[in-house]
1. Identify all residues within the stretch A:37-48 that are at the interface with chain B (Cβ under 8 Å from one of its Cβ atoms) and assigned to a strand (DSSP E or B); write none if there are none.
2. Of the residues that make up the stretch A:104-113, is at least one touching a strand residue (DSSP E or B) at 6+ places or on another chain (Cβ under 8 Å), away from every other protein chain (no Cβ under 14 Å) and under 16 Å from residue A:12 (Cβ atoms)?
3. Filter the stretch B:40-71 for residues that are in a loop (DSSP other than H, G, I, E, B), over 13 Å from the mean Cα position of the chain (by Cα) and in contact (Cβ under 8 Å) with a residue 40 or more places away in the chain; which is nearest to residue B:12 (Cα to Cα)?
4. Quick one: would you say residue A:37 is on the phi < 0 side of the Ramachandran plot and without any contact (Cβ under 8 Å) to a residue 40 or more places away in the chain?
5. Kindly establish whether residue A:70 is more than 13 Å from chain B (Cβ to nearest Cβ), farther than 23 Å from residue B:43 by Cα and exposed (fewer than 13 other Cβ atoms within 10 Å of the Cβ).
6. Can you tell me which residue in the stretch A:49-65 is farthest from the other protein chains (Cβ to nearest Cβ), limited to those that are closer than 20 Å to residue A:3 by Cα and modelled with pLDDT of 95 or more?
7. Go over the candidates A:103, A:77 one by one and state the one that is within 17 Å of the chain's Cα centre (by Cα) and either more than 13 Å from residue A:34 (Cβ to Cβ) or without any contact (Cβ under 8 Å) to a residue 24 or more places away in the chain (or both).
8. Can you tell me which of (1) part of a loop (DSSP other than H, G, I, E, B); (2) in contact with a helix residue (DSSP H, G or I) (Cβ under 7 Å, 6 or more places away or on another chain) is the one residue A:112 doesn't meet?
């Protein structure tokens, strides 16, 4: 069964600190892997999207990495800000594609405290 | 313009009411989606429209009725809902690539629905 698992489930860090969120998946082969940020009660916003051939992708203070051999991805947040408090969702698209094939992880809820 | 606009942001309705959620995008995307999201859960796909035609219906109850009047608009008509239908309803859009695969999904802000 295609699955996407994220860890930790929740995380609390102090403002200015770095953190890394993990995403393990069993989807194979896959087309792309995306990280979204979702503020409470709002729609998800895309942070990065990587194809199976890419190893890293940056978007400002957000850097995503991908290891297709171990089927792991991470999202590293540098110099965290209070506004980074949100849920971060890992989404994998299987290679067969198709509109209903996006597989969502359960998300990591990040809280940044002053 | 990279926005997907959803209205209303909040909706409270009784179980006998009829209401509609609306979604609009002007990015030229020809695939549009409705997702349902319960608290602390990932979004669940409900419907997909491709080129204004319904492509996917994920066995959604008939009390939810989607409509795609044109390439920019997507509606979700609601009738005789249950309290368990209370959730955040997300609209999204994307380009359509070959073999029906999706480009990047752009989500709207969501419509928070409460059914009393």
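1. Hits for the stretch A:37-48 are A:45, A:46.
2. Filtering the stretch A:104-113 for residues touching a strand residue (DSSP E or B) at 6+ places or on another chain (Cβ under 8 Å) gives A:104-113.
Narrowing further to those that are away from every other protein chain (no Cβ under 14 Å): A:112-113.
Next, only the ones that are under 16 Å from residue A:12 (Cβ atoms) stay: A:112-113.
For the stretch A:104-113, residues touching a strand residue (DSSP E or B) at 6+ places or on another chain (Cβ under 8 Å), away from every other protein chain (no Cβ under 14 Å) and under 16 Å from residue A:12 (Cβ atoms): present.
3. Among those that are in a loop (DSSP other than H, G, I, E, B), over 13 Å from the mean Cα position of the chain (by Cα) and in contact (Cβ under 8 Å) with a residue 40 or more places away in the chain, it is B:71.
4. When the stated conditions are applied, residue A:37 does not pass them.
5. On the way: more than 13 Å from chain B (Cβ to nearest Cβ): yes; farther than 23 Å from residue B:43 by Cα: yes; exposed (fewer than 13 other Cβ atoms within 10 Å of the Cβ): yes.
Spelling it out, residue A:70 is indeed more than 13 Å from chain B (Cβ to nearest Cβ), farther than 23 Å from residue B:43 by Cα and exposed (fewer than 13 other Cβ atoms within 10 Å of the Cβ).
6. My answer is A:65.
7. Numbers: A:103 fails: either more than 13 Å from residue A:34 (Cβ to Cβ) or without any contact (Cβ under 8 Å) to a residue 24 or more places away in the chain (or both).
After ruling out the rest, the residue left standing is A:77.
8. (1)
The values are calculated or read from the model by the stated rules, or taken from the named source; none is laboratory data. All values derive from a computational prediction rather than experimental measurement. Counting neighbours? That spans all protein chains shown, and the Cβs are built from the backbone with ideal geometry, glycine included.
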